[in-house]
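Take a look at the structure set out below.
The values are calculated or read from the model by the stated rules, or taken from the named source; none is laboratory data. Just so we're clear, the structure is a prediction, and the values are computed from it rather than from any experiment. Neighbour counts are summed over all protein chains in view; Cβ atoms, including those assigned to glycine, are modelled from backbone coordinates with ideal geometry. To get the accessible areas, we keep the full protein, side chains included, count just its heavy atoms, and leave off ligands, DNA and RNA. Shrake-Rupley method; radii C 1.70, N 1.55, O 1.52, S 1.80 Å.
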Amino acid sequence: AHLALHHVHGGGLAPGYRALLLSARSWANRARSQQLGSRTRRKTTVLRLGRREGNAGRAMAHPSSERQTGYEPIGVQSQLEAALWSFRLHAILVWVLLPVFVAIEFCMPQLRPTPEQGYPMVSLLVLALVIVHHIVAESRSWACIKSMLTRPEVVVLHQKGVLRKRKWMVLLGIIEDLDVYTDLVFPCFAFVCDDAIHGKWLRSWEVIPAVGKLCVKLLERWRFWGLSALCFGIAWAGALAAVLRLLCHQDTLGAAGAHNSVEEPEDDEQVFLSDAGHRLNGEQFFALARCAETALMPSVSLLCEEMGAQRRFVFDAKSSTGGALGALRARSDAHLGKRTLDTIEIFEVRNQDELERVDLARRMFFIVLLLGRTFIGNALQMWLQASFFALTFDYLGKEASYKTLVGIALSGVQILVRCTAVTSKLGVLGVPFAGMNLVVMAWAVAKIYFAYTCEDHVWGIASGCVDTPN
């Protein structure tokens, strides 16, 4: 380029070649400036890393320093206690104080549900306060749980879309708060309308072939409102037991690392430990997920579920089987057909006992969620409310009918979301439990549809449209 430019200035080249060589000179200048800029950035990066290492060394030398760095230990114990405190407050508000409010409503004639209006509109103010507390408690518990995670774990959660799902799971938690109130009020509402629906209720069971008369004898004493109270009472008793366990969760979960089968790590792993010397394992994160479900916080529960799934893989050197080299040889033998895939598990450099224990806790968590919370708390309540809507089709006012349909829709949304999420995580094991919920949900939807098409608005699977007395 220098020789060409010498000829350019000497006038020995044509004008076209002059323009070409001048553009080459400008390109060379830009390349030189970019090279100098990259050297400057590398020097700046080295200086910044040196400052960070110096700050980290000073922080380790002076633990009482208030300056926060990325090398300081994660305070698991204090954050865990703060998250459990938020769980306890909202669980008590929903499962203890809200039923007391519904009982006071029923005892006061001015606030008792009516066939024309349904539950009173004044109760919406109380529900608004419950929702506000839900948002505040969820924000605090989410921040506490997330602060216990390392940066690589947060990156994995972001890549799996867990953090993006938070807003939708918060909305699901608010729907659960509203659904608990509608389920609480429903037995009281059925009690008010008992005289109008009792005869139709018995008639709808009497026409069932073979077992109709037996069902009538059993249901005649219970009546419709009694059966509704019994179904919700079972779900409420399970929720109260979970609240009591949450209140007494001090030794089992309150102390980080109290039950941790992982061996003591080496010195270079101390950065991932809590201030108590341990970190939460996968089984403890699923215990936290159960606590979050008790407090009706599915967003925090999802965060704990994913962290439990991440921390089920724990490093184990496996010196007796050759370590990482032995695992590599076992996988090579399996690829060549000398071993089966089942036999190479013992060579993998991970704690197999910890993996199996966390997997068991994971399966039990999802099965209990589908059977207890979803089937008893949502599917059965949706079926009962759909039956009530059909039996009182000509008796309820428009406002009361709309409120009944809203309660049915709230239960349906929860069933769909829970069954879809759990089936994708449990696989074939979750199909029968999800199918059971979806069948009851489809039955309830069919009852609502035939309430508009049948002459007397009552329909059954075995009997079809039922002729009921006025």
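Here the 3J(HN,Hα) profile of segment 234-244, calculated from phi with Karplus coefficients 6.51, -1.76 and 1.60 at θ = phi - 60°, is 5, 5, 5, 5, x, 5, 5, 4, 5, 5, 5 Hz, Gly and Pro shown as x. Residues in segment 302-307 carry Karplus couplings, in order, of 4, 4, 5, 4, 5, 5 Hz; the curve used is 6.51 cos²θ - 1.76 cosθ + 1.60 with θ = phi - 60°, and Gly or Pro positions show x.
Charge dipole of segment 143-202 (Cα centre as origin; +1 on each Lys and Arg Cβ, -1 on each Asp and Glu Cβ, all else neutral): 760 debye, rounded to the nearest 20. Across R166, R245, the residue with the most accessible area heads the list, and the full order at a 1.4 Å probe is R245, R166.
With Cα atoms defining each centre, segment 375-415 and segment 164-229 are spaced 8 Å apart in the structure.
Heavy-atom accessible surface of K338, to the nearest 10 Å², is about 150 Å², with a 1.4 Å probe and all protein chains retained. In the structure shown, the pairs K425/K447; K165/K425; K213/K403; K167/K398; K167/K447 are assessed against 21 Å; a Cα-Cα span above that value is assigned to K425/K447; K213/K403; K167/K398; K167/K447.
Among 170-177, 294-301, the peptide with the highest mean count of other Cβ atoms within 10 Å heads the list, and the full ranking is 294-301, 170-177. Can you bin segment 352-470 into rounded, prolate or oblate? Criterion: square roots of the alpha carbon gyration tensor eigenvalues sorted a ≥ b ≥ c, rounded for a/c under 1.5, prolate for a/b above b/c, oblate for the rest. Here segment 352-470 falls in the prolate category.
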